[in-house]
Amino acid sequence: MTATTHYTFDTDTAGTRIGDHEYGLELSDRWSTLGGTLNGGYLLATALQALRDELPQPDLLSASAHFLRPGTPGPALVHTEIARIGRRTGTGQAILTRDDREIIRVLATFTDLAVAQGPTLVRNAPPTLPAPEQCLDPLRGVTPAGATIAERVEFRMPQLAGFWTGKPGGTTAAEFWMRFADGRDADPIALALLVDAAMPVVFELGVPGSSTIELTVHIRHRPAPGWLACRVHTNYLIDGFHEEDFEIWDSTGSLVAQSRQLALIP
């Protein structure tokens with residue numbers, strides 16, 4: 001008999017259908033951030049899991065989420081609505097609520113990435129990184145206060161940014177490895193969480209935090225197993241608002257996810 005592995009991501013994003021286009025779930029405290037609220041990528045993934053259950057296409061292609069209130073652990077609901085189901089894509093909306101208050105609103109399109117084909121042009125390359133075992137673990141021996149997500153996702157970096165040692169260096173770009181700490185390989189919906197799982201690079205400016213207002217993610221391929229190579233940068237911080245652009249490349253060197261988010265410095 002083969003033992004079944006229960007991964008934290010799957011357990012903590014799963015909802016139970018309780019009515020037409022309605023799912024109940026328990027938001028877990030295992031994905032909290034430095035501020036004690038739940039990570040935005042985690043909240044997005046819970047909404048996407050419910051929506052995937054209602055569309056015939058298996059893979060997330062694109063999602064745009066607007067974050068209306070901080071998410072906290074406890075009972076929650078996801079309400080879904082199907083906008084259109086076509087031959088190649090299906091689109092729907094998911095609204096995550098807690099205590100009758102809307103937390104995030106998501107519009108997403110799904111497809112079957114296994115059969116996607118057409119013209120292709122890639123004008124960039126994956127980050128050039130030393131092997132993960134030759135890199136530094138920024139969280140070794142460190143558990144950021146309240147940030148339980150640090151126990152769920154692990155990183156390997158060629159060098160540590162200054163903010164990790166309390167000396168921000170002003171550089172708002174980084175390249176590093178990332179994966180789930182329990183060994184779960186990423187899939188398209190997991191990528192929607194992982195693009196928001198790293199410490200914001202604006203921390204290198206000495207800011208006290210960053211709260212996501214809107215996050216858009218595009219999935220380009222189903223990722224191969226293994227470590228994921230990441231590239232992130234911020235170019236504009238204006239009146240307290242900043243963008244963050246994120247790329248994820250899989251172990252075969254394929255671009256698997258891109259995202260952009262707009263966030264607010266508290």
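Comparison of L107, L96, L121 shows that the only residue that is among the hydrophobic types (A, V, I, L, M, F, W, C) and either assigned to a loop (DSSP other than H, G, I, E, B) or in contact with a Lys or Arg (Cβ under 7 Å, 6 or more places away or on another chain) (or both) is L121. Return a yes/no flag: does the stretch 26-34 have any residue that is closer than 16 Å to G74 by Cβ and over 19 Å from the mean Cα position of the chain (by Cα). No, the stretch 26-34 has no match at all. Taking the conditions exactly as written (touching a Leu at 6+ places or on another chain (Cβ under 7 Å), under 20 Å from L194 (Cα atoms), assigned to a helix (DSSP H, G or I) and of a type in the set (A, V, I, L, M)), does L48 satisfy them or not? Yes.
Scan the stretch 1-35 for residues that are under 15 Å from R98 (Cβ atoms) and modelled with pLDDT under 95 and the total you get is 0. When Y42, Y7 are checked against the criterion of being of a type in the set (F, W, Y) and open to solvent by 50 Å² or more (accessible area, probe 1.4 Å), a single residue qualifies: Y7. Scanning the stretch 229-258 for residues that are at negative phi and of a type in the set (G, A, S) returns A229, S251, S254, A257. For the residues T80, T120, the requirement of being open to solvent by 40 Å² or more (accessible area, probe 1.4 Å) and either farther than 30 Å from S254 by Cα or of a type in the set (V, I, T) (or both) singles out T120.
Residue-by-condition table, conditions (1) exposed (fewer than 13 other Cβ atoms within 10 Å of the Cβ); (2) more than 22 Å from the chain's Cα centre (by Cα); (3) farther than 19 Å from V202 by Cα; (4) modelled with pLDDT of 90 or more:
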| position | (1), (2), (3), (4) |
| --- | --- |
| G146 | no, no, yes, no |
| I149 | no, no, no, yes |
| M157 | no, no, no, yes |
| G162 | no, yes, no, yes |
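No other residue among A190, A173 is open to solvent by 50 Å² or more (accessible area, probe 1.4 Å) and in contact with a helix residue (DSSP H, G or I) (Cβ under 7 Å, 6 or more places away or on another chain) apart from A173. Taking V195, is it in contact with a helix residue (DSSP H, G or I) (Cβ under 8 Å, 6 or more places away or on another chain) and within 22 Å of L107 (Cβ to Cβ)? Yes; evaluated as a whole, the condition is true for this residue.
The values are calculated or read from the model by the stated rules, or taken from the named source; none is laboratory data. Model, not experiment: these values are computed from the prediction. For neighbour counting, all protein chains shown are included, and Cβ atoms are generated from backbone atoms with ideal geometry for every residue, glycine included. Heavy atoms of the whole protein, side chains included, go into the accessibility calculation; ligands, DNA and RNA do not. Shrake-Rupley method; radii C 1.70, N 1.55, O 1.52, S 1.80 Å.
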